[in-house]
Amino acid sequence: MTDTLETPVLEDGGAPEGGAAPKRLFIKTYGCQMNVYDSERMADVLRPLGYAPTDTPEGADFVILNTCHIREKAAEKVYSELGKLRQMKDEKAAAGQGGMTIAVAGCVAQAEGEEIMKRQPAVDLVVGPQAYHQLPELLTRTARARGERIGADFAPNEKFDALPATRGTEGVTAFLTVQEGCDKFCTFCVVPYTRGAEWSRPVAAVLDEARALADRGVREITLLGQNVNAYDGEGPDGKPFTLAKLAYALADIPGIERIRYTTSHPNDMSDDLIAAHGDLDALMPYLHLPVQSGSDRILRLMNRKHGRQKYFDLIDRIREARPDMALSGDFIVGFPGETDRDFEDTMDLVRRVNYASAFSFMYSPRPGTPAATMAVQVPDDVAKTRLHALQALLTEQQVAFNQSLAGRVLPVLFEKKGRHGAQAIGRSPYLQSVHVGDADHLIGRSVPIEIISGQQNSLTGRLIQTN
Ligand code: SAH
Ligand code: SF4
Ligand code: F3S
């Protein structure tokens with residue numbers, strides 16, 4: 001998960017009720033895929049009220065910033081964005097074009113709700129991640145008086161029960177949140193505080209949502225959770241399902257061809273999930289399995305509750321079950337107390353595992369987390385140098401992996417038109433984008449494609465000629 005997903009999430013709005021002119025809704029999404037899912041669901045909640053999505057905040061009637069608190073930069077972006085929105089709101093009012101309701105949602109809302117209201121008077125309401133189903137009611141109340149702040153307690157079951165059954169999803173791929181929250185308390189991380197305790201949705205609710213997505217043409221589902229492989233939702237017989245069991249049930253739904261899941265914790269990688277990777281065709285051979293550091297000492301300080309050897313053993317078992325598994329990870333450099341030696345252990349781990357892709361971050365001290373007050377903080381310039389070295393190695397591995405696929409035939413699920421002519425863009429089983437000419441008639445389908453070349457961030461392929 002990264003905070004690089006900053007493109008506005010555009011939803012296709014349904015027709016507003018009663019034929020009134022649609023109210024314009026702009027949602028900007030920061031942070032991880034869970035926020036992308038939540039933004040889509042907020043649009044679903046607001047659609048019956050006559051809100052239709054728009055792709056720019058100018059002139060919007062309702063603007064929602066769905067925020068991320070994971071690193072300082074992510075959180076600070078919200079305040080600069082709010083400054084711009086305040087100006088737009090004032091200009092809209094001055095031009096006699098009506099009001100602009102501004103809401104802050106997501107993890108910053110949960111963590112700093114009151115501060116947001118104090119720092120930026122243009123904000124009308126603040127809504128935490130477990131309260132999106134209350135948006136219609138909040139809007140009505142806000143129309144009377146500013147100053148709502150909702151979502152301090154965590155009750156994800158109420159949210160999911162209250163969200164509309166139909167989703168406005170367009171396209172071939174979709175996210176589906178099956179698990180929320182985190183009980184792990186890594187010493188650097190805010191998620192247990194912003195999202196609450198681990199909680200899994202019941203199997204029946206997940207399957208219903210997946211069936212509805214399949215009916216809309218979705219072929220690939222990515223199951224989401226902060227610790228998705230800790231999934232233990234209630235099954236039909238009242239007993240919990242593992243994520244593996246859930247994957248088998250999803251694979252039985254007509255139309256669902258591909259299943260992915262993210263993010264997983266090494267300690268929750270159960271035997272049945274590993275075995276499923278060798279057995280269930282629909283489960284894609286790509287696994288995001290963050291390790292954060294290759295140093296046992298740092299892993300202990302991070303409270304990750306496993307060492308490097310356990311991670312190596314796990315990777316071996318996964319590759320035994322699925323030899324072509326593409327691995328991805330997250331890394332933090334400059335964690336308090338990290339020495340050159342510790343960092344070298346991380347580089348060594350990366351060399352041994354050989355990642356297909358990975359995200360790496362400079363440690364960012366977060367308020368309220370134990371690591372933020374640890375005695376020895378690493379100077380920025382040292383952390384930066386380490387980050388560059390790590391990123392160079394990870395990029396090298398990613399390029400090598402992409403290039404290694406040249407000459408292979410891979411099933412590509414086409415998602416959208418490309419920029420050039422009849423080009424189409426799809427995804428390989430290993431999650432790379434694949435660009436193919438003369439393929440726009442294949443959008444929505446999975447087709448064997450010959451890979452011609454691999455670049456840093458994508459593959460180029462061609463249709464296989466059948467004579
Ligand atoms: N649940 C996932 C990660 C969620 S946060 C897991 O356990 O792996 C996504 C990533 O952000 C983390 O994997 C970590 O690499 C990074 N991250 C979290 N807190 C951070 C911090 N304080 N500074 C820098 N990076 C951080
Ligand atoms: Fe954060 Fe650790 Fe939980 Fe992941 S497992 S969300 S890094 S506390
Ligand atoms: Fe960010 Fe919250 Fe996701 S802090 S990474 S949006 S869970």
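With a cut-off of 19 Å on the backbone N, the residues of the range 327-344 near the modelled label site 7 Å out from R300 along Cα-Cβ are 334-344.
The residue among A392, I425, Q455 whose Cα reaches farthest toward the positive pole of the charge dipole of the range 352-467, with charges on the beta-carbon of Lys, Arg, Asp and Glu, is I425.
With N counted as the residues of the chain, its alpha-carbon radius of gyration over 2.2 N^0.38 Å works out to 0.99. Calculate, for D271 and A21, the FRET efficiency according to 1/(1 + (r/R0)^6) with r their C-beta to C-beta distance and R0 56 Å; round to the nearest 0.05. For R0 = 56 Å, the calculated efficiency reads 0.50.
This model, with +1 at the C-beta of Lys and Arg and -1 at the C-beta of Asp and Glu, gives the chain a dipole about its Cα centre of some 600 debye. Computed from the Cβ-Cβ distance with R0 of 60 Å, the FRET efficiency linking D340 to D279 stands at 0.90. What the Cβ-Cβ distance of D183 and D438 gives, at R0 = 41 Å and to the nearest 0.05, is a FRET efficiency of 0.25. A simple packing score, the average count of other Cβ atoms within 10 Å per residue, orders the peptides 65-71, 193-199, 339-345, 301-307 as 65-71, 193-199, 301-307, 339-345, with the highest score first. Partner lysines whose Cα lies under 28 Å from the Cα of K305, excluding those fewer than 8 positions away in the same chain, are identified as K73, K184, K239, K245, K384. Put a dot 7 Å past the Cα of Q391, heading toward its Cβ, do the same for L463, and the two dots end up 3.9 nm apart. Surface exposure of the range 409-463, expressed per residue as accessible area with a 1.4 Å probe, stands at 47 Å².
Positive contributions from Lys and Arg (+1) and negative ones from Asp and Glu (-1), summed over other residues with Cβ under 12 Å from the Cβ of P266, come out at +3.
Annotation: per residue accessible area for the range 158-397 equals 40 Å², rounded to a whole number [probe 1.4 Å, protein chains only]. Zone of R317 (label point 7 Å along Cα→Cβ, backbone N under 19 Å): which residues in the range 266-282? Of the residues in the range 266-282, 266-280 have backbone N under 19 Å from the label point off R317. Placing pseudo-labels 7 Å out from each Cα toward the beta carbon at M347 and R445 gives an inter-label distance of 4.9 nm. To put it simply, the accessible area of the chain at a 1.4 Å probe is 51 percent carbon and sulfur. Within the set of other residues whose C-beta is less than 10 Å from the C-beta of Y132, count the net charge using Lys and Arg as +1 and Asp and Glu as -1. Once positives and negatives cancel, what remains is 0. Here each label is just a point 7 Å from Cα along the line to Cβ, and for A400 and T140 those points are 6.1 nm apart. Net charge in the neighbourhood of G235 (other residues with Cβ under 15 Å of its Cβ; Lys, Arg +1, Asp, Glu -1) is -3. Going 7 Å from the Cα of Q97 toward and past its Cβ, which residues in the range 56-74 have a backbone nitrogen under 14 Å from where you end up? Residues passing the 14 Å test: 56-63.
The values are calculated or read from the model by the stated rules, or taken from the named source; none is laboratory data. Everything numeric in this text was worked out from a predicted model, so none of it was measured. Cβ coordinates were reconstructed from backbone atoms using ideal geometry, including for glycine residues, and neighbour counts include every protein chain displayed. These accessible areas exclude ligands, DNA and RNA; they are computed on the full protein's heavy atoms, side chains included. Shrake-Rupley method; radii C 1.70, N 1.55, O 1.52, S 1.80 Å.
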